[in-house]
Amino acid sequence: MAKPAMRWAMAGILIGATALSGCAKRGGTERFSSSQLNCMSRAMYFESNRSSRDGMVAVGSVVMNRVASADFPNTVCGVVGQRGQFAPGVMSKPMTEKASVARVQEAASSVLAGERHPNTGNARFFHAQYYRANYDNMHYVASAGGNAFYEKRRPELVTQATPLPNREGLTGGGETVLTMNAPRERRGILGRLFGG
């Protein structure tokens with residue numbers, strides 16, 4: 001018969017082994033491969049390149065919220081590669097700006113290691129901050145790097161129906177290089193189409 005201290009130690013080992021066995025499941029702590037890092041970097045590069053680190057981390061936070069949701073694929077590459085959800089060509093276009101690639105890889109590594117934008121909460125959606133949609137189920141929680149982040153809610157539960165002002169300097173590491181606080185800073189066809 002084992003002594004009480006030995007029983008507690010064995011119980012701790014059993015609990016630890018049980019917890020580790022769930023690491024690959026949704027919501028668990030997992031190790032990410034270089035392909036997952038590449039996919040996260042691609043999402044940040046094509047959705048928030050040339051924006052602030054906060055904007056990149058917020059995009060990454062949305063990706064991870066989707067990974068944790070039963071409504072989306074359960075891997076980073078599955079989420080980023082999901083048709084019609086991210087910028088066209090996100091999985092196939094070359095990332096040509098070497099300085100930007102280094103910045104997004106740093107931010108992507110941080111998000112995969114557990115960093116999240118403090119204001120995105122459970123947001124699983126975002127769009128360009130200057131865009132105005134006519135839906136009544138969009139509850140905005142943050143704006144960073146030129147994007148507005150929101151949760152979909154029943155209309156009666158929406159308390160913030162318009163994008164919040166851009167707010168920067170909330171995430172660690174890196175530095176803020178440029179913030180696109182459009183619409184007035186947006187030009188070209190998108191600016192003309194969406195009132196820039």
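Just one of the listed residues (124, 103) is buried (at least 20 other Cβ atoms within 10 Å of the Cβ), over 13 Å from the mean Cα position of the chain (by Cα) and in contact (Cβ under 8 Å) with a residue 60 or more places away in the chain, and it is 103.
Only one entry of 69, 110, 35 meets the criterion of being open to solvent by 50 Å² or more (accessible area, probe 1.4 Å) and either more than 19 Å from residue 146 (Cβ to Cβ) or of a type in the set (D, E, K, R) (or both), and that entry is 35. Here is the figure for region 127-151: residues that are touching a strand residue (DSSP E or B) at 6+ places or on another chain (Cβ under 9 Å) and open to solvent by 40 Å² or more (accessible area, probe 1.4 Å) total 3. Within region 38-55, being surrounded by 19 or more Cβ atoms within 10 Å (Cβ to Cβ) and among the basic types (Lys, Arg) holds for 42, 53.
The values are calculated or read from the model by the stated rules, or taken from the named source; none is laboratory data. No experiment lies behind these values; they were computed from the predicted model shown. Heads up, the Cβs are rebuilt from the backbone with ideal geometry, glycines too, and the neighbour counts pull from every protein chain shown. When the accessible area is computed, the model is the full protein with side chains, heavy atoms only, and any ligands, DNA or RNA have been set aside. Shrake-Rupley method; radii C 1.70, N 1.55, O 1.52, S 1.80 Å.
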